[in-house]
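> Structure provided below as structure tokens; questions to follow.
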Amino acid sequence: MEIIGIIGWKNSGKTTLTCRLIENLRARGFSVASVKHTHHDVEFDQDGKDSFRHRQAGAQEVLLVSRHRWALFNEFGDDEPALGPLIEKLTPCDFVLIEGFKHHPYPKIQVYREQTEQDLLIGLVDKLIAVASDEPLSNLPVANLDLNNIDEIGDFVIKQKSG
């Protein structure tokens with residue numbers, strides 16, 4: 001599995017790029033999984049549903065299964081779990097796209113929009129391999145990709161797997 005992070009500041013377009021890249025890689029015949037980081041305490045289950053009641057009763061894990069999908073709810077306390085062991089839980093695939101987690105040790109592409117006036121993350125995060133920008137940037141020590149050219153970004157990601 002080739003792991004590529006999609007990072008950037010809030011509202012820079014990380015989710016949009018991640019979704020477009022998933023679609024692009026899938027259209028080329030690759031299998032793709034994704035991991036999304038959030039700083040919010042998100043409730044994935046619904047109050048009153050049986051699976052919610054199982055968790056409320058104290059189950060450490062609840063596996064919710066339907067005809068077309070399943071979800072594993074894991075209660076782990078206050079410390080955010082390490083990313084590596086979570087990735088190991090994924091079904092093997094060609095690519096894992098990680099949105100967020102900018103300080104984890106995986107190759108990363110920063111989404112950068114000049115009009116937001118936010119900083120480039122070059123030198124601030126490890127393993128930054130490219131910047132996908134809506135404007136051409138000069139003198140970058142990493143690849144500069146056209147944010148509006150998903151085929152170019154897809155080609156770059158595929159080269160990471162074969163390189």
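> Would you mind getting me the FRET efficiency between Thr91 and His54? Use the beta-carbon distance for r and R0 = 25 Å, nearest 0.05.
Between Thr91 and His54 the formula returns 0.55.
> Can you tell me what share of the DSSP beta bridges in the chain is antiparallel? A percent to the nearest 5 is fine.
In the chain, approximately 20 percent of DSSP beta bridges are antiparallel ones.
> Now a separate question. Hey, quick one: spin label on Glu61, modelled 7 Å out along Cα-Cβ, who in region 83-105 has an amide N within reach, i.e. under 16 Å?
83-92
> If you find the alpha carbon centre of region 103-127 and of region 17-86, how far apart are they in angstrom?
25
> Excluding Leu21 itself, calculate the net charge of residues whose Cβ lies under 15 Å from the Cβ of Leu21, where each Lys or Arg counts +1 and each Asp or Glu counts -1.
Summing Lys/Arg as +1 and Asp/Glu as -1 gives 0.
> Using only the alpha carbons, work out the radius of gyration and Dmax of region 30-163 in angstrom.
Gyration radius and largest Cα-Cα distance of region 30-163: 18.7, 57 Å.
> Here's something else I'd like to know. So how do 1-12, 74-85, 135-146 stack up, highest first, on mean other-Cβ count within 10 Å?
Per-residue Cβ counts within 10 Å, averaged per peptide and sorted highest first, yield 1-12, 135-146, 74-85.
> Taking the mean number of other Cβ atoms within 10 Å as a proxy for protection, how do you rank 89-101, 106-118 from highest to lowest?
106-118, 89-101
> Percent relative contact order of region 50-163, based on C-alpha pairs within less than 8 angstrom and at least six residues apart?
Relative contact order of region 50-163: 13 percent.
> Here's another thing I want to ask about it. If each residue of separation counts as 0.36 nm, what is the full-extension length gain between Asp134 and Asp78 once their alpha-carbon separation is subtracted?
So the chain would gain 16.4 nm between Asp134 and Asp78.
> What does the extension gain come out to for Thr38 and Asn144, with contour length at 0.36 nm per residue minus their alpha carbon separation?
That pair, Thr38 and Asn144, stretches by 35.5 nm at full extension.
Rule-based calculations on the coordinates, nothing more; no lab input. These figures come from a predicted structure and were not determined experimentally. Cβ sites come from the backbone with ideal geometry, for glycine too, and all protein chains shown count toward neighbours.
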